[in-house]
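Engineer: Below is the structure I would like to discuss, written out as structure tokens.
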Amino acid sequence: MSEQKVTVRRDGEVGVIEIDNPPVNALGGAVRKGIWDGLHDLQGAGVSAIVLACKGRTFSGGADITEFGKPPVEPGLSVLIDEIEASDVPVVAAVFGTALGGGFEIALGCHYRVGPSSVKLGLPEVKLGLLPGAGGTQRLPRAIGMEAALPPIVTGDPIPGDEAAKLGLLDRVIEGDLTEGAIAFAREVAGKPVRRLSRDDTALASTKADPIAFEEAATRLLSRSRGLKAPAACVQAVRNCLTMDFADGSKWERETFHDLRSGEESAAQRHHFFAERAALKLPGVGKEVQPRPVKKIAVIGAGTMGGGITMSMATGGYDVVMIDKSQEALDRGFGIIEKNYRKTQARGGFTEAEVDGALSRISLATELSAAADADMVIEAVYENLDLKKSIFAELDKVAKPGAVLASNTSTLDVDEIAAATSRPADVMGMHFFSPANVMKLLENIRGEKSSPDILVTANTVGKQAGKIPVTVGVCNGFAGNRMGGARARQVQRMLLEGAMPQDVDRVAKAFGFAMGPLAVNDLAGLDIGYAVRKERGEKSPIADKLAEMGRYGQKTGAGFYLYEGGSRTPIPDPFVENLIRETSAEHGFTPREIPEQEILDRLLFPLINEGAQILDEGIAIRSSDLDLIWVNGFGFPLAKGGPMFWADREGVGNVYERLKGYYEVSGDPNLEPKPLLQHLAKTGSSFADWSKGRG
Ligand code: 3HC
């Protein structure tokens, strides 16, 4: 058949169409054509039933995302699915692994679905800034009812096989040989009248009679959708089942799919999908480099970071021993872990069994020797180089050969820490972000001597623990905080030039950041940044003054803003405004009103400029890694894709020209365009182009 991606055979009266398009059986043009031809060939040959099966590790990952934006190839997926459904002989989908997006939609077009209880059926299009575009929003409600169909469509989270069986989505659970079982099932249903979901509105009746519960669920789901367009479109598509027939509902769905697909939000989210996968590829590290086996992890430090890391690892299924010198600190740390788990359980984030399981995997110890049988050790004590070095020297004595030794440092030199051991090849940084049980970003820090297989191990463990790992090299602040430092210097400069904290934060929020940078400073604590600057001999006139006054931010009720009665709502403070004006005068500035466009540029350009330098120095591998870091660790709006993606869409040349303009007017050395930015601008290139082929 077409490029051998689809084969067709007969098993007696039953025809079998088998897709073989590794790695995930994406439904590209050749696959669709192969299924189309196979269907007609088998119908012409007079088979009594047809099984649609897939080879490899999974049923199908859906439409081929790499085809998006290219000229359409016939037959389209919707047309193919309609053709399958129209078949007079029953078609049975043999699903396993994952049936996602178009993969699930094709299974919904089949008249029956069979598979193991481990299968996951899902419509994750929303995570790519889309809605299901091949009938999923119309067939799934007709299969299981509108209320049951809404959450998987709006969140994109898959339906596990056992639940699918209860909902009637799986007509038979088959744990043994799937293709054989599906053929046997097909023989049983051969000759029976087929049920076509597109023509059966029975399951819509209860919501049609009373749509209140549906609307309440929709409101609840959308309240968590961060204002993105796709989730709202998903809700509307399902809601259309109330007022439109299948044909009109499908037409609306398809048109909206095309609108979203050509929009910026979906481009940004698709960029993320590929960025996450690219970040796991390390230059010069081939598939032959396997992760070291990890079952048990030791976490040193029972403070906020240690506790959060312990939770992430226990949730990921690892046995974790949390080690701290004091039993009291361990008990307190474990108490907080338990409380956090139960809170998430109460909100429906975990089942009771999941929480019980995770807690049972955690043990506590007061001696470092408890790390002796750990496959990985993550040190998470406070940021002090001497302390960390002494712990690593001690670990060198107790840890078993081959254990990965990682420091959760956010600022310190991993190479110096590694040098405190006799095995620097086993040492690296694993930089978690607070709260570590919630934040997705994991900056894995490759030391000068870190061996490739420990980097692969840290990526594997990070992924298993639900993180988005990104590997970067050693430098001050690594990638994320170093870019943040460049932005912070520019924010302070804008205050000196006449902007007020609320002006800067308003512009940041309007762009899509959940919080403005000054409100973030108040949340993190102004004392923290002050201590870091002091150690590095840096100054930040306004932030330093506030910290010296004991205005540390939210925790003291005052920082850049006021926080009344323990509230987290920042209130502009006339005292701070005066302080800014005074400091500005002391430094010889004449305050001016800074236009919003300039504020936005000066919030974003420092990230891009520093990012360019980080790439040029080889600290980060590719520009999409920096986008992952800023979206998952620093609240950069997902809908905008990340600073480097945004720069590419804006045009690197435009960014360069505007940045150069600000630099020339202000003379601020922090605004001087970096060589790589200038080079890309002059050659009409982009960060994405520059990154191609790197790893
Ligand atoms: N199209 C093109 N490539 C895809 C793909 C897709 N739908 N799904 C996965 N891939 C690629 C990945 O980019 C990766 O490529 P690489 O090896 O070059 O980096 C490779 O397949 C393997 O993917 P993973 O590393 O993610 O493999 P896993 O085994 O960890 O996961 C999976 C498999 C669960 C299928 C996961 O890949 C996944 O979630 N895929 C995306 C599913 C999705 O979003 N589907 C909806 C597509 S849009 C659609 O169907 C529109 C329709 O409604 C009209």
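The values are calculated or read from the model by the stated rules, or taken from the named source; none is laboratory data. Small disclaimer: the values here were computed from a predicted structure and weren't measured. Neighbour counts are summed over all protein chains in view; Cβ atoms, including those assigned to glycine, are modelled from backbone coordinates with ideal geometry. SASA here: full protein model, heavy atoms, side chains in, ligands and nucleic acids out. Shrake-Rupley method; radii C 1.70, N 1.55, O 1.52, S 1.80 Å.
Engineer: Using 0.36 nm per residue, how much length does the chain from residue 339 to residue 202 gain when fully extended, once their Cα-Cα distance is taken away?
Structural biologist: Between residue 339 and residue 202, full extension yields 44.9 nm more.
Engineer: Related question: Once the convex hull of the C-alpha atoms of the stretch 296-472 is built, how many Å³ does it hold per residue, rounded to a whole number? Before the final figure, lay out the partial values.
Structural biologist: Values: hull volume 16.4 nm³, N = 177.
Roughly 93 Å³ of hull volume per residue.
Engineer: Straight-line reach from residue 325: which lysines have a Cα under 16 Å away, not including same-chain ones fewer than 8 places off?
Structural biologist: Counting by Cα, and skipping residues close in sequence, residue 325 has these lysines nearby: 388.
Engineer: In the stretch 87-235, what is the count of Lys pairs whose alpha carbons are under 23 Å apart, counting only pairs at least 8 residues apart or on separate chains?
Structural biologist: Values: 120/166; 127/229; 166/192; 166/208.
For the stretch 87-235, qualifying lysine pairs total 4.
Engineer: How much accessible area per residue does the chain have, in Å², with a 1.4 Å probe?
Structural biologist: Counting only protein heavy atoms, the per-residue value for the chain is 42 Å².
Engineer: Quick one: if the Förster radius is 56 Å, what FRET efficiency do residue 616 and residue 248 give, using the C-beta to C-beta distance and rounding to 0.05? Before the final figure, lay out the partial values.
Structural biologist: Details: r = 54 Å, r/R0 = 0.96.
It comes to 0.55.
Engineer: Could you give me the ³J(HN,Hα) list for the stretch 333-348, computed from phi with Karplus coefficients 6.51, -1.76, 1.60 and θ = phi - 60°, whole Hz, x at Gly and Pro?
Structural biologist: Working through the residues one at a time gives x, 5, x, 5, 4, 4, 4, 4, 4, 5, 4, 5, 4, 4, 8, x Hz.
Engineer: Kirkwood Rh, Cα Rg: Rg to Rh for the chain?
Structural biologist: Expressed as Rg/Rh, it is 1.00.
Engineer: Apply the Karplus curve 6.51 cos²θ - 1.76 cosθ + 1.60, θ = phi - 60°, to the phi angles in the stretch 478-495 and return the couplings in whole Hz, x for Gly and Pro.
Structural biologist: The phi angles translate into 6, 7, x, 5, 5, 5, x, x, 5, 5, 4, 5, 6, 4, 4, 5, 5, 4 Hz.
Engineer: Could you compute Rg(Cα) / (2.2 N^0.38 Å) for the stretch 6-261, with N its residue count?
Structural biologist: For the stretch 6-261, the normalised Cα radius of gyration comes out at 0.95.
Engineer: Moving on to the next point. In straight Cα distance, which aspartates and glutamates are under 20 Å from residue 339, not counting same-chain residues fewer than 8 positions off?
Structural biologist: Counting by Cα, and skipping residues close in sequence, residue 339 has these aspartates and glutamates nearby: 319, 324, 328, 331, 352, 354, 356.
Engineer: While we're on this one: At 1.4 Å probe size, with the rest of the protein present, what percent of the exposed accessible area of the chain is carbon and sulfur atoms? Please report the intermediate quantities before stating the final value.
Structural biologist: On the way: 15330 of 29150 Å².
Answer for the chain is 53 percent, counting heavy atoms of protein chains only.
Engineer: Can you give the calculated 222 nm mean residue ellipticity of the chain, where each DSSP H run of n ≥ 4 adds -39,500 (n - 2.57) and the sum is split over every residue, rounded to the nearest 500 deg cm²/dmol?
Structural biologist: So the helix-based figure for the chain works out to -15000 deg cm²/dmol.
Engineer: Taking the stretch 331-411, which trypsin sites (Lys or Arg not before Pro) meet the DSSP loop condition and have no more than 12 other C-beta atoms within 10 Å?
Structural biologist: Filter output for the stretch 331-411: 347.
Engineer: With a point put 7 Å past each Cα toward its Cβ, work out how far residue 9 is from residue 365 in nm, to one decimal.
Structural biologist: Roughly 5.3 nm, to one decimal.
Engineer: Using all C-alpha to C-alpha distances in the stretch 101-156, build P(r) with 10 Å bins and read off the rounded percent in each one.
Structural biologist: In order of increasing distance, the bins hold 24, 59, 16 percent.
Engineer: A further question follows. Just to be sure I understand the model, the point goes 7 Å from the Cα along the line to the Cβ. What's the resulting residue 390 to residue 215 distance in nm?
Structural biologist: The modelled label-to-label distance comes out at 6.6 nm.
Engineer: Which value, in Å to one decimal place, does the Kirkwood hydrodynamic radius take for the stretch 271-383 when every pair of different Cα atoms is included?
Structural biologist: 15.4
Engineer: Next up: Report, in whole Å, the centroid distance computed from the Cα atoms of the stretch 332-408 and the stretch 117-177.
Structural biologist: Answer, in whole Å: 36.
Engineer: Still on this structure: With a cap of 13 neighbouring Cβ atoms within 10 Å, and only residues DSSP puts in a loop, list the trypsin sites (Lys or Arg not before Pro) found in the stretch 582-639.
Structural biologist: When the trypsin sites (Lys or Arg not before Pro) of the stretch 582-639 are filtered for loop state and at most 13 Cβ neighbours within 10 Å, 592 remain.
Engineer: Considering amide H positions built from the backbone, and no H for Pro or chain starts, which residues 5 or more places from residue 377, or on another chain, come under 5 Å of its amide H?
Structural biologist: For residue 377, whose amide H was placed from the backbone, the distant partners under 5 Å are 298, 404, 405, 406.
Engineer: At 0.36 nm per residue, minus the direct Cα-Cα distance, what do residue 555 and residue 68 gain on full extension? Give it in nm, one decimal, please.
Structural biologist: 170.5 nm
Engineer: Okay, moving on. To one decimal place, what Kirkwood hydrodynamic radius in Å is obtained for the stretch 516-586 from all pairs of distinct Cα atoms?
Structural biologist: Details: mean 1/r = 0.0822 Å⁻¹.
12.2 Å is the Kirkwood radius here.
Engineer: With Kirkwood's inverse mean 1/r over C-alpha pairs for Rh, give me the Rg to Rh ratio of the stretch 156-223, two decimals please.
Structural biologist: 1.10
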